[in-house]
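The next block holds one structure in the form of structure tokens; read it before the comments.
The values are calculated or read from the model by the stated rules, or taken from the named source; none is laboratory data. Please read all numbers here as calculations on a predicted model, not as lab measurements. All Cβ positions, even for glycine, are placed from backbone atoms using ideal geometry, and neighbour counts span all protein chains on display. Remember, those area values only see protein heavy atoms, side chains included, never the ligands or the DNA or RNA. Shrake-Rupley method; radii C 1.70, N 1.55, O 1.52, S 1.80 Å.
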Amino acid sequence: MKRFYKLAIASAIVGFGLGTLNTAQAATFTQTASDQGWWAAEDGWNGPNSNDNTNYVTGNIRGIDLRNFFKFDLGNVVGVTSATLQIQRFVGSGNPTETLGFFDVSTPADVLSQKNNSPNNTIYNDLGSGKNYGTFNVTTSGDPKEILNFALNSNAIADINARSGNFFSIGGALLGDLSEEYLFSESGDQGFAKLVVDTDSTRVPEPSLLGGIVVAGIGSWWLKRKRKASLKNKN
């Protein structure tokens with residue numbers, strides 16, 4: 001019986017401690033792009049691209065209309081509450097400030113990475129249309145090493161949560177009529193974009209559930225002890 005009382009006291013202490021826990025804890029995760037690059041429109045210079053080219057220039061450069069993309073393997077991240085796309089500035093040109101839009105991408109992730117098939121109007125258009133993930137004014141001058149932070153909107157957050165366990169892609173496009181206006185030039189082979197997400201997905205068991213398991217285990221042990229004692233008395 002003394003052992004039973006000790007276990008009961010331990011159960012009460014455990015239950016009290018569990019009562020101080022939340023059922024979810026916030027966490028921040030950083031995902032590095034698994035691929036990035038650009039696709040060109042067919043009405044410009046039909047120069048080649050390559051699958052291993054990670055340059056993400058976007059805009060109009062030497063008469064070529066370009067849009068970029070960033071692809072992320074989300075893993076099992078769930079419960080995302082905010083998301084920020086981080087991109088290095090590199091080199092820009094044109095107006096002092098350009099308008100940059102981010103959009104959802106319907107092109108499959110594996111097709112998106114076949115950059116040697118550029119130019120392609122279907123993919124080019126996909127990268128600059130559809131659901132908007134945010135529109136930002138970006139200066140064309142500045143430190144090429146600066147990391148720019150773009151807080152994505154609720155459309156992006158909803159799609160990230162919907163794509164948990166899969167690839168999630170973002171398309172980028174300069175907006176308006178462009179002529180020798182671009183951002184992120186000279187960005188090849190010098191680092192990948194990052195997606196920083198805040199999430200409430202770190203789950204812990206409900207205190208009531210764990211408390212019930214502990215108490216049930218102690219109760220079962222006590223009943224077994226009582227039955228054994230009863231059998232000994234009868235014998």
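Taking the range 71-104, which residues are at pLDDT below 95 and either in a helix (DSSP H, G or I) or polar (S, T, N, Q) (or both)?
The answer is 76, and nothing else.
Could you tell me whether any residue of the range 55-63 is among the aliphatic types (A, V, I, L, M), in a loop (DSSP other than H, G, I, E, B) and under 21 Å from residue 195 (Cβ atoms)?
Filtering the range 55-63 for residues among the aliphatic types (A, V, I, L, M) gives 57, 61.
Now drop any that are not in a loop (DSSP other than H, G, I, E, B), which leaves 57.
Among the residues that remain, those that are also under 21 Å from residue 195 (Cβ atoms) are: 57.
Scanning the range 55-63, I find at least one residue that is among the aliphatic types (A, V, I, L, M), in a loop (DSSP other than H, G, I, E, B) and under 21 Å from residue 195 (Cβ atoms), so the answer is yes.
Could you list all residues from the range 153-197 that are under 27 Å from residue 27 (Cβ atoms), among the polar types (S, T, N, Q) and touching a residue at least 12 places away in the same chain (Cβ under 8 Å)?
Scanning the range 153-197 gives 153, 155, 161, 164, 166, 169.
Can you find a residue in the range 166-187 that is within 14 Å of residue 56 (Cβ to Cβ) and at pLDDT below 95?
Residues of the range 166-187 that are within 14 Å of residue 56 (Cβ to Cβ), as a first pass: 169-174, 182-187.
Narrowing the set further to residues that are at pLDDT below 95 leaves 186-187.
Yes, the range 166-187 contains a residue that is within 14 Å of residue 56 (Cβ to Cβ) and at pLDDT below 95.
How many residues are among the charged types (D, E, K, R) and open to solvent by 70 Å² or more (accessible area, probe 1.4 Å) if we restrict to the range 173-201?
Start the filter on the range 173-201 by keeping residues that are among the charged types (D, E, K, R), which leaves 177, 180-181, 186, 189, 194, 198, 200.
Keeping just the survivors that are open to solvent by 70 Å² or more (accessible area, probe 1.4 Å) gives 177, 180, 186, 189, 194.
Qualifying residue count, the range 173-201: 5.
Just wondering, is there one or more residues in the range 105-120 that are among the polar types (S, T, N, Q) and outside any loop (DSSP other than H, G, I, E, B)?
First, the residues of the range 105-120 that are among the polar types (S, T, N, Q): 106-107, 113-114, 116-118, 120.
Remaining after also requiring outside any loop (DSSP other than H, G, I, E, B): 116-117.
Yes, the conditions are met somewhere in the range 105-120.
Taking the conditions exactly as written (in contact with a Gly (Cβ under 6 Å, 6 or more places away or on another chain) and open to solvent by 70 Å² or more (accessible area, probe 1.4 Å)), does residue 58 satisfy them or not? Before the answer, list the steps.
Working: in contact with a Gly (Cβ under 6 Å, 6 or more places away or on another chain): yes; open to solvent by 70 Å² or more (accessible area, probe 1.4 Å): no.
Judged against the criteria, residue 58 is not a match.
Just to be sure, is residue 74 of a type in the set (A, V, I, L, M) and either open to solvent by 40 Å² or more (accessible area, probe 1.4 Å) or more than 17 Å from residue 181 (Cα to Cα) (or both)? Give the derivation first.
Numbers: of a type in the set (A, V, I, L, M): yes; either open to solvent by 40 Å² or more (accessible area, probe 1.4 Å) or more than 17 Å from residue 181 (Cα to Cα) (or both): yes.
When the stated conditions are applied, residue 74 passes them.
Please go through the range 32-48 and pick out each residue that is surrounded by fewer than 19 Cβ atoms within 10 Å (Cβ to Cβ), touching a residue at least 60 places away in the same chain (Cβ under 8 Å) and of a type outside the set (Asp, Glu).
32, 34, 44, 46, 48
Taking the range 18-56, which residues are aliphatic (A, V, I, L, M) and at pLDDT below 75?
Our first condition is that a residue be aliphatic (A, V, I, L, M); within the range 18-56, this holds for 18, 21, 24, 26-27, 33, 40-41.
Selection gives 18, 21, 24.
Here's a check for you: in the range 37-54, which residue that is assigned to a strand (DSSP E or B) and not aromatic (Phe, Trp, Tyr) is nearest to residue 114 (Cα to Cα)?
37
May I ask you to list the residues in the range 116-163 that are surrounded by fewer than 13 Cβ atoms within 10 Å (Cβ to Cβ) and acidic (Asp, Glu)?
Across the range 116-163, the qualifying residues are 143, 146.
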